[in-house]
Amino acid sequence: MKSFFLKQRYLIDFTLSSLLRRSGKNIGLLLVYTLIVFMLASVMLFTHALRNEAGHVLAESPEIILQRMIAGRHDLIPGGYLEKIGQVRGVMEKHGRLWGYFFDPAIKANYTLMVPRDRSLGEGEIVVGAGIARTRGVGIGDILSFRSADSRTFSFRVMDILQSDSELVSSDLILLSEAQFRDFFGIPEGFYTDLVLRVRNPKELRTIAEKLTLKLPDTRPILRDEIMRTYDSIFSWRQGIVFILMAGAILAFVIFAWDKASGLSAEERKEIGILKAIGWETADVIRMKFWEGFIISISAFLLGYLLAYLHVFYASAGLFESVLKGWAVLYPEFQPIPYIDGLQVATLFFFTVFPYTVATIIPIWRAAITDPDTVMR
Amino acid sequence: MQTIKLEQVKKIFHQGRPNEFCAIHGIDLTIEPHYTTVLKGPSGSGKTTLLSMIGCLSRPTSGRITIGGDMLSGLPERFMTEIRRKTFGFIFKQFNLIKGLTVLENVMLPAYPLAPNHAALKQHALQLLDQFGLVSKATLNVEFLSGGEAQRTAICRAMINDPEILIADEPTANLDTKLSREFMALIQQLVDQGTTVILTSHDPEVYESPVIDRVVEMRDGLLESL
Amino acid sequence: MHMRKSDLFLISLVFACILVAVTFVDAHWRVLNAGSHLDGMAQMVRQLELTDLSLFTEARYTRHLSQADYHTAFQDHPLAIEHFPSGSLIHPPQLLQGTDEVIFPETALPD
């Protein structure tokens, strides 16, 4: 056993000396490899963490939301629908929700205006999300002016700013009173954006939703499960785009690495001949080549993963900001909570280290079994 | 010390194919320990082929080779390699040092698969380099060596596993007269230490050297006269 | 006395592996400590009855993904056309490309 380790150390000695001979090329290869692992690992860590966080947080969203559809579009729902629903077993609470969008031409950003049920705001009073406060540069006590649906100017005093560590869900919110909301958007009394139903037992959700669609055929119930599933798949979709964009780069790298790893130059062949002639076995040569592939790929994996961890969980995934931000002006500032999936990391390890190592060993096989007397000829 | 015996040794390359070519036509030869033997002959006479079979680098097509009574011809590759690295040290025509590695690394290389203690191996390598006046070059990459230095490095590498038999294939082919004489003087040193030496050469500096005990002349894959 | 290359490599390898282990410990620790932060957000979601993350605010079907109609992406923001695969075949309207032309100047407020 001890001699096994001694031998591996000798083989690593030789491999490193041999790699350092073409240090420029090999370090370049290592850097590109590391960069690719870094990108893959960043996407993986970021989406996994965000998906987990969304799952945790959105588990508290309403069990059922009822939207009214007119001609295929989401429309205001009359308050009378609450009575029409009547008594449905399992529904603890039901009420109308008021929210909508406002485009602020001053900074070309979209806000979400919402009537809160947990606090009462007076006339001309608003609470804004931290993203708005940052982008508009306002603080508590400042005034924000908006032009309403019927072209009147509303001036609102900022009473409070929503706590900044909840930006992920609240960065673009403006909270205001029901009366102000109706006045600002011109929504008549008795109409709501949608209805919210709170249900005691989640197992009854399906049956309740079925009853609702029977009672109110022009509505669409949205279940909390669907919300959660939406967020699960949206990050897969985003992840998918990044993977597609990267696929070309990865493919190019694979071709390059394959060529580099598998193409044996005449010089390398000669070297293997020399090694065999001076007493190395075929197995020693193959082990040495294994180390060559392993050293490069494990280094790339470890470096890439560590950099990705720092990037995502200590630098707020700064490189992805522009991708995620898209056309939006408001972007929440947030530090993802580092949920790591060990299996995912293990998968990344397998797919980065294994193929490259194999690609280095396979072509060596034929060269390694050549007769040692070739150097004499 | 062991006697090497060759009995009816034949070597045919590319057997059964149109370019079949018989390099050695059946040779009987005994090489006694502690002798310095040179296989002399023009190029194409089969001396290198014979040398590589003696050195366990290749197998005869037919016939037997024994070292100290042990049959070599039928052994599997792994055992051949083991015997080769325990018994023989090699010096090749073009030295065949591995470029990009230092002198010291090149010298230590044959011992790597045996995995000896690293400090001891390094000590041994430095001792050899000292003996052949190369200590100052130990950390230099081999491509910066002169012809003579490369030759001496090759000798050190051949001697790192303390072989009983040193095999050298046309060792002076790339050296001028002065360096060739120096080389033979170094061989003398090794002979004095008790090493058996087998060389091939058609260089008179080698086969007329006082170091040589026995000259075996070859032509067209056969021994010419004894 | 020079250090052997293999030792240098193996030491770095062990060091990097320790760092990887540290990331797991760090992650675990930060997840444990994120409890109050998560609870705060969850509470806000519950009280304000929020349904979505405010990650993508450019169009309503991206801001409120879960509330969007099945197929109304087109009505919201023509520049966000890439939501559907057809986005790779059709360009956004000329109107919205390039210039920041203000169509209804009266909607813009002096700040």
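Each reported figure results from applying straightforward, stated rules to the coordinates on display, with no laboratory input. A quick note: this is a predicted structure, and the numbers were derived from the prediction, not measured. When we count neighbours, we look across all protein chains shown, and the Cβ atoms used for this are built from the backbone with ideal geometry, even at glycine.
Listed by Cβ neighbour count within 10 Å, with the fewest neighbours leading, B:102, B:49, A:357 appear as B:102, A:357, B:49. Taking a straight line from the alpha carbon of residue B:5, these lysines sit under 28 Å away, with near neighbours fewer than eight places off in the same chain left out: A:276, B:40, B:47, B:86, B:93.
The charge dipole of chain A, taken about the Cα centre with unit charges on the Cβ atoms of Lys, Arg (+1) and Asp, Glu (-1), comes to about 900 debye, rounded to the nearest 20.
For region B:81-170, the mean projected area of the C-alpha convex hull, equal to one quarter of the hull surface, is 5.5 nm². With Cα atoms defining each centre, region B:205-226 and region A:29-93 are spaced 91 Å apart in the structure. Counting Cβ atoms of other protein chains within 10 Å of each residue's Cβ and taking the mean over peptide A:11-20 gives 6. Over all orientations, region B:43-136 has a Cα convex hull whose mean projected area works out to 8.3 square nanometres. Here the Kirkwood formula puts the hydrodynamic radius of the protein assembly as shown at 32.2 Å, using every distinct Cα pair. The relative contact order of chain A comes to 29 percent, based on Cα pairs under 8 Å that sit 6 or more residues apart. Between the exposed loop cleavage positions of chain A, defined as GluC sites (Glu not before Pro) in a non-H, G, I, E, B DSSP state with at most 14 neighbouring beta-carbon atoms within 10 angstrom, the longest gap is A:190-332.
The mean count of C-beta atoms from other chains within 10 Å of the C-beta of residues in B:75-88, rounded to a whole number, is 3.
Rounded to the nearest 10 degrees, the angle from helix A:23-58 to the longest Cα principal axis of chain A is 30 degrees. Farthest towards the positive end of the charge dipole of the protein assembly as shown, among the residues B:18, A:219, B:147, is the Cα of B:18, using unit charges on the Cβ of Lys, Arg, Asp and Glu.
When only alpha carbons are used to place a centre, region A:256-305 and region B:100-148 end up 22 Å from one another.
For region A:64-224, the Kirkwood hydrodynamic radius from C-alpha pairs, put into Stokes-Einstein at 25 °C and a viscosity of 0.890 mPa s, yields a diffusion coefficient of 143 µm² per second.
What you get for the protein assembly as shown, charging only the Cβ of Lys and Arg (+1) and of Asp and Glu (-1), is a dipole of about 1380 debye around the Cα centre. Between A:87, B:3, C:43, the Cα set farthest toward the positive side of the dipole of the protein assembly as shown (charges on each charged residue's Cβ, about the Cα centre) is that of B:3.
In summary, region B:4-223 shows an alpha-carbon radius of gyration equal to 1.02 times the 2.2 N^0.38 Å reference for compact globular proteins.
Please identify every one of the trypsin sites (Lys or Arg not before Pro) in region A:141-219 that sits in a loop by DSSP and has no more than 13 other beta carbons within 10 Å of its own beta carbon.
Passing sites in region A:141-219 are A:152, A:200.
The angle between the Cα long axis of helix B:118-131 and the main principal axis of chain B comes to about 80°, on a 0 to 90 degree scale. Each principal axis of the Cα atoms in chain A has its own extent, and those three values, largest first, are 99, 48, 41 angstrom.
When the helices of the protein assembly as shown are scored as -39500 (n - 2.57) per DSSP H run of n ≥ 4 and the total is divided over every residue, the value at 222 nm lands at -15000 deg cm²/dmol. Across chain B, the longest run free of exposed loop sites, meaning GluC sites (Glu not before Pro) lying outside DSSP classes H, G, I, E and B with no more than 16 other Cβ atoms within 10 Å, spans B:21-207.
Counting only alpha carbon atoms, the long axis of helix A:266-277 and the longest principal axis of chain A meet at about 60°.
Between the listed residues B:103, B:191, B:33, the Cα displaced farthest toward the positive end of the dipole of region B:4-223, a dipole computed from Cβ unit charges relative to the Cα centre, is found at B:103.
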